[in-house]
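Taking it in order: structure first as structure tokens, then the write-up.
The values are calculated or read from the model by the stated rules, or taken from the named source; none is laboratory data. Small disclaimer: the values here were computed from a predicted structure and weren't measured. Here the Cβ positions follow ideal geometry from the backbone for every residue, glycine too, while neighbour counts run over all protein chains shown.
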4 protein chains.
Amino acid sequence: MTKAARTKPRLEDKLAGLRMAVFDFDGVFTDNRVLVLQDGREGVLCSRADGLGLEKLRRLGLKLLVLSTEPNPVVGARCRKLKLPCVQGCRTKAETLKKVAAKNRIPLSDVLYMGNDINDLECLDIVGLPVCVADAHARVRARSSYQTQAPGGYGAVREICDKIVEARTAMTRKRTP
Amino acid sequence: MTKAARTKPRLEDKLAGLRMAVFDFDGVFTDNRVLVLQDGREGVLCSRADGLGLEKLRRLGLKLLVLSTEPNPVVGARCRKLKLPCVQGCRTKAETLKKVAAKNRIPLSDVLYMGNDINDLECLDIVGLPVCVADAHARVRARSSYQTQAPGGYGAVREICDKIVEARTAMTRKRTP
Amino acid sequence: MTKAARTKPRLEDKLAGLRMAVFDFDGVFTDNRVLVLQDGREGVLCSRADGLGLEKLRRLGLKLLVLSTEPNPVVGARCRKLKLPCVQGCRTKAETLKKVAAKNRIPLSDVLYMGNDINDLECLDIVGLPVCVADAHARVRARSSYQTQAPGGYGAVREICDKIVEARTAMTRKRTP
Amino acid sequence: MTKAARTKPRLEDKLAGLRMAVFDFDGVFTDNRVLVLQDGREGVLCSRADGLGLEKLRRLGLKLLVLSTEPNPVVGARCRKLKLPCVQGCRTKAETLKKVAAKNRIPLSDVLYMGNDINDLECLDIVGLPVCVADAHARVRARSSYQTQAPGGYGAVREICDKIVEARTAMTRKRTP
């Protein structure tokens, strides 16, 4: 193995070694659109596919978290259904991410962050595996190590979950020949 | 006719001989998305085209059934409108499918199952005609004998209904020259 | 002018001579999808573009009508907003169309009908100008004289309104040189 | 610099010099579709991306305004969330635009108007920078100086905001070497 290969871990190794996965909400769990009703109440369109993926990560023991600047209770409603801890109306996402990781004694190098817009840049810059959706803002795509094939709200979360499970399974097989 | 053609019935024969059609709900009747409102209530987007197709199957005497793991009452609401019997919040879909078929004295070889995600694999594996939507999970597509051209929620159910009716009509014509 | 051109009027002449325009609702004013909420209430997605087109037809003096087999009150809600007379839960669309035309002393040859599914075939067959949306059922497309470029719910109604206005304007110019 | 280049300012100069941005609502903030519920209540689908862009324009000191002929309160609901002043149910958009500009002592040449349908033509014709969405009516596209790559409701507002910020930033850099 060359020195470069030793020091710069491959995507698969990064995925297999993850201990925590943090997600932005709008544009990641949704297609970044919001249904506005005439009384001001809001709704969002999410993918049923995401649930099965998150369930698998939970069984692998990964710490999960949703961080959203959006104050509308719709974020919390979806997270409750998916049994995801969630900090919403969060103005300092990167600070919150660091605190939760430290409290759980997880180094930021073992954290995945998945976002779609420029208010995710700070979080993407501090984690070991910055990920974005297919239809993320150009500046976000430029700063992510991995981009899902699915756009936000159409199974992007499920796709990254499946990738983590595959990488973990492949690693386990290698270790137990 | 060769021996192979005799033992492995063609798709048209399978379709014409069906006595029961079982459907997953999310991703089949819907585009696998869920509208989440801020109070946690849910909604789904279905196709008006499906109703006319299911009505035709009913007239042909096929037993119809919807099996869903999703606990939200939105599944039941749609099934009531379509006059479809439905078991929802169903954790053991394959077991339920077997019981209903047995109770109706229908062999599993005369049953169609239509799904879209990995929690449909067990059902797809035990029926005579496993079918999936155009945008099904890769593992589901690999295990299905037929894949609709329409994605879930955009007339996929109607498409398979039309195919069954066509196959039955063609068979009837052949028998009554 | 050849005899054929005299006896078979061109599309533009048909459009310019229309006195009544009749529309199916689902799949024409909508993308044929229905939002189903968990309490069974329904919603549909329509195009804001349609209103401006219908307003123009009204000013030209055309009789307008919506015929729908769907019993849900959502059809009436949209028609009230567009100020369109509407018969819903209508099982005998062709009979109703004939009665309304006769009552208004409009020959069926001067009527346009716009539909998308097989329960529109009877109406399409009796009017002078049968029209369908881009994403209509194959059997409906085969029986229509004109097919809009827009699919249902994405401005298909507006598109046909614009075409009628253009044809009428062109005809008026020809007559008043 | 040639005379033509001096007298006809480039798009970037126009963008950098803007003092007011006026938006139509339906088809610009939305995909021009309306959700109609069975009790007649309405909803629209907007993009979460727009908020971050409008916030930037506000910080640059631009006067913002939404003008809509649509009477439904859904327009006001979305504008309140985005903290945008809004005149809805507005039958004389061009007159209102002129009045607001005059009251704020902003020449119409420093105003951007963004629309999508033929009831926007009058406004587009009187402002310095007429802009439309990718899926605007053909007659609107023909009268606009700039057309966004995004269709309405999918970040078209954000796209024009980003362009204004870029142009302003580039101009500031040129002036302070």
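Applying the condition of being of a type in the set (A, V, I, L, M, F, W, C) and surrounded by fewer than 24 Cβ atoms within 10 Å (Cβ to Cβ) to segment A:113-122 and asking which residue is farthest from the other protein chains (Cβ to nearest Cβ) yields A:L121.
Taking the conditions exactly as written (surrounded by fewer than 15 Cβ atoms within 10 Å (Cβ to Cβ) and more than 30 Å from A:R41 (Cα to Cα)), does D:R19 satisfy them or not? Judged against the criteria, D:R19 is not a match. With respect to A:R78, is the statement that it is in a helix (DSSP H, G or I), at pLDDT 95 or above and facing another protein chain (nearest Cβ under 7 Å) true? Yes.
Only residues that are assigned to a strand (DSSP E or B), within 7 Å of another protein chain (Cβ to nearest Cβ) and among the β-branched types (V, I, T) were counted in segment D:24-74, giving 3.
Within segment C:81-96, which residues are more than 9 Å from C:F25 (Cβ to Cβ) and assigned to a strand (DSSP E or B)? Across segment C:81-96, the qualifying residue is only C:V87.
Each residue in segment A:59-78 was checked for being of a type outside the set (G, A, S) and under 13 Å from the mean Cα position of the chain (by Cα), and 6 pass. The one condition from (1) more than 8 Å from every other protein chain (Cβ to nearest Cβ); (2) of a type outside the set (K, R); (3) out of contact with any strand residue (DSSP E or B) (no Cβ under 6 Å at 6 or more places or on another chain) that A:C90 does not meet is (3). None of C:K56, C:K99 is without any contact (Cβ under 8 Å) to a residue 40 or more places away in the chain and out of contact with any Lys or Arg (no Cβ under 9 Å at 6 or more places or on another chain) except C:K99. Would you confirm whether or not segment A:129-149 contains a residue that is touching a Gly at 6+ places or on another chain (Cβ under 8 Å), closer than 16 Å to A:C46 by Cα and either modelled with pLDDT under 95 or surrounded by 19 or more Cβ atoms within 10 Å (Cβ to Cβ) (or both)? Checking segment A:129-149: at least one residue is touching a Gly at 6+ places or on another chain (Cβ under 8 Å), closer than 16 Å to A:C46 by Cα and either modelled with pLDDT under 95 or surrounded by 19 or more Cβ atoms within 10 Å (Cβ to Cβ) (or both).
State whether one or more residues within segment A:128-149 are within 13 Å of chain B (Cβ to nearest Cβ) and under 15 Å from the mean Cα position of the chain (by Cα). Checking segment A:128-149: at least one residue is within 13 Å of chain B (Cβ to nearest Cβ) and under 15 Å from the mean Cα position of the chain (by Cα).
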